[in-house]
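Read-outs throughout are calculated quantities, based only on the coordinates presented, and are distinct from any laboratory measurement. On a predicted model such as this, the values are computed, not experimentally measured, just so you know. Here the Cβ positions follow ideal geometry from the backbone for every residue, glycine too, while neighbour counts run over all protein chains shown.
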Amino acid sequence: MRTNGAANVLVVDDDPKAVEAIRAILGKMGEYNVQVARSGQECLHTVTQALPDLILLDTVMPEMDGIQVLKELQARTECRAVPVLMVSVDAPLDRIAACFELGASGFLIKPFDADNLYRQVQSAIARYRASKLQYHRPR
């Protein structure tokens, strides 16, 4: 749900410290409504209720990892356009490549560099909103 034009960001991470770091960084910017899902299943349930403008998705979670969640999101027509920034403590090239091949919009390494996180979030949301405007523009 949108309030006063702020973008809706869904953070999917089982690590409370990572969630709070993201909230703190985006909260300083004042432009984001941050919602949290603590598991892949909770993410998939949440997006059926309302699509966010961006998903920040941890790659390593119990039960259903981020790559499995990304595959499921990409399989859902209504979710394909929503940008997903993958998040991980480590970044082996094969994992990064797999994420991009599956449709991820970006990849962030924990601990976060606040400026990089903000730039990637801002850029992904701007591209998403621009594509929605172009798609819905009368011809």
How high is the FRET efficiency from Thr48 to Ile109, r the C-beta distance, R0 30 Å, rounded to 0.05? 0.55
Given the rule -39500 (n - 2.57) for each run of at least 4 DSSP H residues, summed and divided by the residues of the chain, what is its mean residue ellipticity at 222 nm, to the nearest 500 deg cm²/dmol? -15000 deg cm²/dmol
Environment charge at Arg95 (Cβ cut-off 15 Å; Lys +1, Arg +1, Asp -1, Glu -1): -3
Name the residue from Val34, Val69, Thr46 whose Cα lies farthest towards the positive end of the charge dipole of segment 1-78, charges +1 on Cβ of Lys and Arg and -1 on Cβ of Asp and Glu. Val34
Summed side-chain charge close to Val69 - residues other than Val69 whose Cβ falls under 13 Å, Lys, Arg +1, Asp, Glu -1: -4
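Could you give the size of the charge dipole of the chain about its Cα centre, using +1 on the Cβ of each K and R and -1 on the Cβ of each D and E, expressed in debye and rounded to the nearest 20?
Charge dipole of the chain: 820 debye, to the nearest 20.
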In whole angstrom, how far apart do the alpha carbon centroids of segment 73-139 and segment 15-67 sit? 13 Å
Potential extension, Glu101-Gln68 segment - 0.36 nm per residue separation minus Cα distance: 10.6 nm
Which whole-number value in Å³ per residue fits the convex hull of the alpha carbons of the chain? 109 Å³
Can you tell which of Ala24, Leu56, Ser131 lies farthest toward the positive end of the dipole of segment 7-136, using +1 and -1 charges on the Cβ of basic and acidic side chains (Lys, Arg; Asp, Glu)? Ser131
List nothing, just return the count: lysine pairs in segment 7-136, 8 or more apart or interchain, with Cα separation under 23 Å. 5
With +1 assigned to the C-beta of every Lys and Arg and -1 to the C-beta of every Asp and Glu, and no other charges, what is the dipole magnitude of segment 1-46 about the Cα centre in debye, to the nearest 20? 180 debye
